Amino acid sequence: MSIFDIFKTQWSAGKMTQEDRTKLFWYLKRKTSYTAWKRKSDAFDRFVEIFEKQVREEPTPKPELSCFGTDWETSYPEILKAQVMYEKGLDRLTQGDRTVWLYNDRGILGDASTISGHWYSELVNNGMRGDHFYDGKYVDEMTESMKQYSLAGREAGCLQPMMADTPAPETWTTFWKDQFAQMPIPALLPDVPVPKTEILVKTGQEVPLFGIYEPQIKDGCMNYLLAGIPAPTLLENDGTYDTGNNLPVIWRLIWEDTRYQDGEIPSEESRYFPPENKSAHQTTDATNDLISTPTGSICPKTGTWAAMDNLNGSLIIKQGETMPQYDGRDVIWVLVV
């Protein structure tokens, strides 16, 4: 135990446990891994293949959904630019260069994500106001491809927030139990490491090293922080929901990220994303026959489905239909009837 542990209230019974900490630590390593970002890049490559077919076969289709036609050729260079950014960013990441995640002149993966995220908004959400519609024989395929890109992309993360004073993305709530249930977490996980030296940083101070930090407050949720930017605040929560208040905290470095500096991918990453045996990302709990599936997948069974984080938000969805968003966001749907 470190001398600094006396300043941190211990974890609450029934809330965050030591087992929860080990799962959080594993999750953050997976989320910031080369393997996770490679899956995201590969999903974007599949979108680019469809986009290229649209450009080659029907570059300027006649307008069908709006009074304006769509010139796909003018957008193609930007799509190719993002694809190259993913390739170069991944190459730098395998050399241990984590600045690829920053929003500056070094942050090439951040720029690639911005471009690809724009096309998710345009095709899946029809733009920021929902009034953008595109013409073309491959629009439906491109839209579905971007949904699959989004599913892969949510497993890769820890980009520097574009907005200043944005709180850390991860905060501990009861919803983590449901999230853990959706992850392929190995049965045996290594313990959260005990730092050999104490490195503490306050909210607003520059983060000294890339790695996983833990806020020194009760049930504080670990986050992956990026070196060279101000340490963030932490969202206050009541154990179930965020209160909306941003708390200044002291962050303690738990694990410095030194992966890939030798050009090697750690063997543990081969277990991060095991092959799926069920179609459409469907998961079934054999003990209670619980069926769940995410936004963008194909509905496996007709019935009443509820958003996992709000069981009052239910819809009747038929088998074969695409699982929708709930309240304007992607969710995990659970079959309740």
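A compact table of results
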| read-out | value |
| --- | --- |
| Share of carbon and sulfur in the accessible heavy-atom surface of the chain [1.4 Å probe, %] | 52 |
| Given [x] 5, 22, 31, 27, 12, 3, 0; [y] 5, 17, 27, 22, 11, 6, 4, 3, 2, 1, 1, 0, 0; [z] 5, 18, 23, 21, 14, 9, 6, 3, 1, 0, 0, the label whose value is P(r) over Cα pairs in 10 Å bins from 0, in percent derived from this model | [x] |
| Heavy-atom accessible area ranking, 1.4 Å probe, most first, across THR32, THR114 | THR114, THR32 |
| Rg/Rg_globular for region 40-163, with Rg_globular taken as 2.2 N^0.38 Å and Rg from C-alpha atoms | 1.10 |
| Highest to lowest packing among 237-243, 292-298, 203-209, scored as the average C-beta count within 10 Å | 292-298, 203-209, 237-243 |
| Against the rule of thumb 2.2 N^0.38 Å, how large the Cα Rg of region 138-267 comes out | 1.22 |
| Length gained when the stretch GLU52-LYS318 is fully extended (0.36 nm per residue, less Cα-Cα span) | 92.5 nm |
| Region 102-207: translational diffusion in µm²/s, Stokes-Einstein, Kirkwood Rh over Cα pairs, 4 °C, 1.567 mPa s | 73 |
| Estimated FRET transfer efficiency when R0 is 41 angstrom, pair LYS196-THR166 (beta carbons, to 0.05) | 0.85 |
| Accessible area expressed per residue, the chain, with surrounding protein chains retained (probe 1.4 Å, Å²) | 52 |
| Relative contact order %, the chain, counting alpha carbon pairs below 8 Å whose residues are six or more apart | 17 |
| Euclidean distance of C-alpha centroids, region 207-228 and region 69-118, integer Å | 26 |
| Dipole-positive endmost among LEU109, GLY228, GLN83 within the chain (Cβ charges, Cα centre) | GLY228 |
| Under the Karplus curve 6.51 cos²θ - 1.76 cosθ + 1.60, θ = phi - 60°, whole-Hz ³J(HN,Hα) for region 113-119, x wherever Gly or Pro sits | 5, 5, 5, 5, x, 4, 6 |
| Trypsin sites (Lys or Arg not before Pro) lying in DSSP loop within region 83-177, provided at most 13 other Cβ fall within 10 Å | ARG129, LYS137, ARG154 |
| Phi-based couplings in Hz for region 202-210 (Karplus 6.51, -1.76, 1.60; Gly and Pro marked x) | 8, 3, x, 7, 6, 6, x, 9, 6 |
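The values are calculated or read from the model by the stated rules, or taken from the named source; none is laboratory data. These numbers were taken from a predicted model, which means no experiment stands behind them. Every residue, glycine among them, receives a Cβ derived from its backbone with ideal geometry; neighbour counts consider all protein chains shown. Keep in mind that these areas ignore ligands, DNA and RNA; they rest on the heavy atoms of the full protein, side chains included. Shrake-Rupley method; radii C 1.70, N 1.55, O 1.52, S 1.80 Å.
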